[in-house]
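Please read the structure below before turning to the comments.
The values are calculated or read from the model by the stated rules, or taken from the named source; none is laboratory data. Here the structure is a predicted model, which means the values were calculated and not measured. Note: ideal-geometry Cβ built from the backbone for every residue, glycine included; neighbour counts use all protein chains shown.
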Amino acid sequence: MSDSTGVKTILILAAIPHGLRLDREIRSIEEAIRRATKRNLFKVTLRTAVRPQDIRRALAEEKPQIVHFCGHGLEDGSLLLEDDAEENKPVPAEGLASLFQLHANYVECVLLNACHSVKPATAIGEYINYAIGMNQPIGDKAAIAFAIGFYDGLGYATSDNLDVFQRAFEEGKVAVQLEHTSSGQIPVLKTKTKDKPVQLAPSSYQESCENMSVAGDILTAYCRRMDGTYNHTSILIRGICNDNGVLRYDSDPTTNSSYQESCENITIAGDILTAYCRRMDGTYNYTSIAIRGISNDNGVLRYS
């Protein structure tokens, strides 16, 4: 998501109230954007000396696509901010993940340019497509080199099908390796894990089972044991639905099937399930699908 002009907002959250690194890192990001071929597609917004509530408000107000945290991280994975009394305030990884979950409909990438930040990056990566953290302490020069490389890569002209954040991450790692070889493997990219479709392998039961039949969502067969005898066995077919007359797998193929509620004349041949399924207009369509994930485990049908 970006604004109506297609411009992506980069929100820099700086939790280092003093020191040269803050100025240099911000300047490096702005210079990288100015050099970029696609520089007109980015807007940089800065919030400094941020407290926990400042971050919450900044995300809600700016609705950024990219969030860049510049600050200190602790060994337990907490990010170090300040409270209202200007005292150190560690913010745990779980709290950050919950915060970004609320903004997952527009935040695309989070870069935690701080020591020991891989734990919060992993937690944030449950909900945000791309989250980058550091798996150990990282020096100021290496952190700035990574930021320069990342935003250089983000601004390059690329083909539409290229994963721009993955490319930017790799560009950042190379930038570190060129000047700080020992720090090149410190940055770590985590990608979204929530809502990822579960993948099932092709079925193999049909290679050693006979007399397959199906009743609704129940598959039955005689399957060969290791001793050569056959066992009568059955299994619940999971994850298949009727999508307007077409048999398809749900995004989570481990859920109970629902196709049997609106499909008729259901048959099975090997691993191919066939049926006449009702469309939304009331007509029926002849459709088929390969059943996935089922194997013969010594005469018993099981999911692999």
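With closer than 18 Å to Gln65 by Cβ, hydrophobic (A, V, I, L, M, F, W, C), touching a Lys or Arg at 6+ places or on another chain (Cβ under 8 Å) and in contact (Cβ under 8 Å) with a residue 40 or more places away in the chain as the only criterion, which of Ala147, Ala143, Ala131 stands out? Reasoning before the result, please.
Details: Ala147 fails: touching a Lys or Arg at 6+ places or on another chain (Cβ under 8 Å); Ala143 fails: closer than 18 Å to Gln65 by Cβ.
That would be Ala131, the only listed residue that is closer than 18 Å to Gln65 by Cβ, hydrophobic (A, V, I, L, M, F, W, C), touching a Lys or Arg at 6+ places or on another chain (Cβ under 8 Å) and in contact (Cβ under 8 Å) with a residue 40 or more places away in the chain.
None of Leu200, Leu236, Leu189 is farther than 30 Å from Gly139 by Cβ and modelled with pLDDT of 90 or more except Leu236. Set side by side, the residues Thr5, Thr48 differ, and just one is surrounded by fewer than 16 Cβ atoms within 10 Å (Cβ to Cβ), modelled with pLDDT under 80 and not charged (D, E, K, R), which is Thr5.
Evaluating Leu80 against the criteria (1) under 20 Å from the mean Cα position of the chain (by Cα); (2) among the aliphatic types (A, V, I, L, M); (3) surrounded by fewer than 21 Cβ atoms within 10 Å (Cβ to Cβ); (4) under 25 Å from Ser183 (Cβ atoms) leaves one unmet condition, (1).
So is Cys241 in contact with a helix residue (DSSP H, G or I) (Cβ under 8 Å, 6 or more places away or on another chain), touching a residue at least 40 places away in the same chain (Cβ under 8 Å) and not in a loop (DSSP other than H, G, I, E, B) or not?
no
Of all residues in region 210-237, exactly one satisfies the criterion of being part of a loop (DSSP other than H, G, I, E, B), of a type in the set (D, E, K, R) and under 16 Å from Thr267 (Cβ atoms), namely Asp217.
Within region 284-304, the set of residues being surrounded by 15 or more Cβ atoms within 10 Å (Cβ to Cβ) and closer than 12 Å to Asp271 by Cβ comprises Ile289, Ile291, Arg292, Gly293, Ile294, Ser295, Asn296, Leu301.
Note on region 222-238: among residues that are under 26 Å from Ile289 (Cα atoms) and free of Cβ contacts under 8 Å to residues at least 24 places away in the same chain, the one that is surrounded by the fewest Cβ atoms within 10 Å (Cβ to Cβ) is His232. Report yes if Thr267 is in a strand (DSSP E or B), surrounded by fewer than 20 Cβ atoms within 10 Å (Cβ to Cβ) and out of contact with any Phe, Trp or Tyr (no Cβ under 8 Å at 6 or more places or on another chain), otherwise no. It is true that Thr267 is in a strand (DSSP E or B), surrounded by fewer than 20 Cβ atoms within 10 Å (Cβ to Cβ) and out of contact with any Phe, Trp or Tyr (no Cβ under 8 Å at 6 or more places or on another chain). Do the conditions hold for Leu247, that is, is it in a strand (DSSP E or B), under 30 Å from Asn135 (Cα atoms) and modelled with pLDDT of 90 or more? No: the conditions fail for Leu247. Summed over region 272-304, the residues that are out of contact with any Lys or Arg (no Cβ under 8 Å at 6 or more places or on another chain) and in contact (Cβ under 8 Å) with a residue 60 or more places away in the chain give a count of 7.
Looking only at region 101-126, filter to residues that are among the β-branched types (Val, Ile, Thr) and not in a loop (DSSP other than H, G, I, E, B); which one of those is farthest from the chain's Cα centre (by Cα)? Lay out the reasoning, then the answer.
The initial filter retains those residues of region 101-126 that are among the β-branched types (Val, Ile, Thr), namely 107, 110, 118, 122, 124.
So of that shortlist, the ones also not in a loop (DSSP other than H, G, I, E, B) come out as 110, 118, 122, 124.
On the way: Val110: 12, Val118: 15, Thr122: 10, Ile124: 10 Å.
It comes out as Val118.
Quick check on Tyr151: is it among the aromatic types (Phe, Trp, Tyr) and surrounded by fewer than 23 Cβ atoms within 10 Å (Cβ to Cβ)? Taking the combined requirement at face value, the residue does not satisfy it.
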